[in-house]
Amino acid sequence: MMDLQDINQNQEDIPPPKIIGLTGGIGSGKTSVAKILENKGFPVYYSDDRAKDIADIDSELKEKIISLLGKEAYLEGKYNRKFVAGKVFDDAELLNRLNSLIHPAVKQDFEKWLASQTAEYVFKETALLFELKLNEHCYKSLLVTADDNLRIKRTMDRDGKTYRDVEAVMQKQMPEKEKIKLADYIIYNNSDLEDLHKEAKLFLNNLK
Ligand code: ATP
């Protein structure tokens, strides 16, 4: 019969998961790819969603965000992503200060999540993989990309935003050309969702 020592020993025998950074610009389809991978049984850490959850529940962080951006940063106790995004959109200094509050908290949360994972591969979905040089802490990086017009149209349909709104966000993000140079794997999402599933499958075959 196994005792506690054997169980601990077994846990120590499991190598740490290989982290694959999954990224892409606005409307590229990175979340769609993340969901496909999750459906295939791969654990996925959704950085942006977690950041929002952490901003909701971490009271110390909440206080710091309010003193940086004002009370409107929270609406009925919940992190007001829309207000915050608008406030920092044209203010790089303020955005940096906000990021310096949120990113360490997300990093800590990710480390905690990772410690409980036993799969060979895990995926970290983040829009800022290359911008924050998070790829340096990953085993490999996977970029999802698509033509600008498609990305704009898909985001307009999803969020009800105008062409100009989406384009303005896109222009602030790292150019696709640069991301393509940095990525280990690339999924081109220029066709339909069925094709995206096939591309994801191909990527997994290449990975193995
Ligand atoms: P963001 O950074 O803005 O959150 P994202 O990279 O996570 O975007 P998704 O949310 O996965 O992008 O995709 C954007 C929208 O486009 C979604 O509504 C999604 O369902 C749709 N979409 C993604 N890929 C395709 C495709 N190949 N065909 C049709 N619709 C797609």
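Assorted remarks:
- Yes/no for ILE187 being closer than 20 Å to GLU125 by Cβ and more than 11 Å from the ligand (Cβ to nearest atom): no
- Test for GLU111: is it out of contact with any Pro (no Cβ under 8 Å at 6 or more places or on another chain) and part of a helix (DSSP H, G or I): yes
- Odd one out for LYS64, checked against (1) outside the structural domain of LYS177 (by TED's automatic domain parsing); (2) touching a helix residue (DSSP H, G or I) at 6+ places or on another chain (Cβ under 9 Å); (3) among the charged types (D, E, K, R); (4) within 16 Å of the ligand (Cβ to nearest atom): (4)
- Residues (surrounded by 15 or more Cβ atoms within 10 Å (Cβ to Cβ), in a loop (DSSP other than H, G, I, E, B) and within 13 Å of the ligand (Cβ to nearest atom)) located in segment 132-158: ALA146
- Failed criterion for GLU125 (all others in (1) under 17 Å from GLY27 (Cβ atoms); (2) more than 14 Å from the ligand (Cβ to nearest atom) hold): (2)
- Within segment 89-113, residues that are of a type outside the set (S, T, N, Q) have Cβ atoms under 7 Å from residues that are open to solvent by 80 Å² or more (accessible area, probe 1.4 Å) in these pairs: LEU94/LYS87; LEU101/LYS64, counting only partners at least 6 apart in sequence or on another chain.
- Cβ separations smaller than 7 Å between residues 6+ apart or across chains give the following pairs from segment 50-64 residues that are surrounded by 14 or more Cβ atoms within 10 Å (Cβ to Cβ) to residues that are among the charged types (D, E, K, R): ARG50/ASP109; LYS52/ARG81; ILE54/ASP109; ALA55/LYS62; ASP56/LYS78.
- Screening GLN108 on (1) within 16 Å of the chain's Cα centre (by Cα); (2) in the same structural domain as ILE65 (by TED's automatic domain parsing); (3) within 15 Å of the ligand (Cβ to nearest atom) shows it passes everything except condition (3).
- Of the residues screened, ILE180 is one that is assigned by TED's automatic domain parsing to the domain that holds GLU131, more than 10 Å from the ligand (Cβ to nearest atom), exposed (fewer than 13 other Cβ atoms within 10 Å of the Cβ) and in contact (Cβ under 8 Å) with a residue 12 or more places away in the chain.
The values are calculated or read from the model by the stated rules, or taken from the named source; none is laboratory data. Being a predicted model, the structure only gives us computed values, none of them experimental. Ideal geometry is used to build each Cβ from the backbone, glycine not excepted, and the neighbour counts take in all protein chains shown. Note: accessible area is taken over every heavy atom of the protein model, side chains too, but ligands, DNA and RNA are not part of it. Shrake-Rupley method; radii C 1.70, N 1.55, O 1.52, S 1.80 Å.
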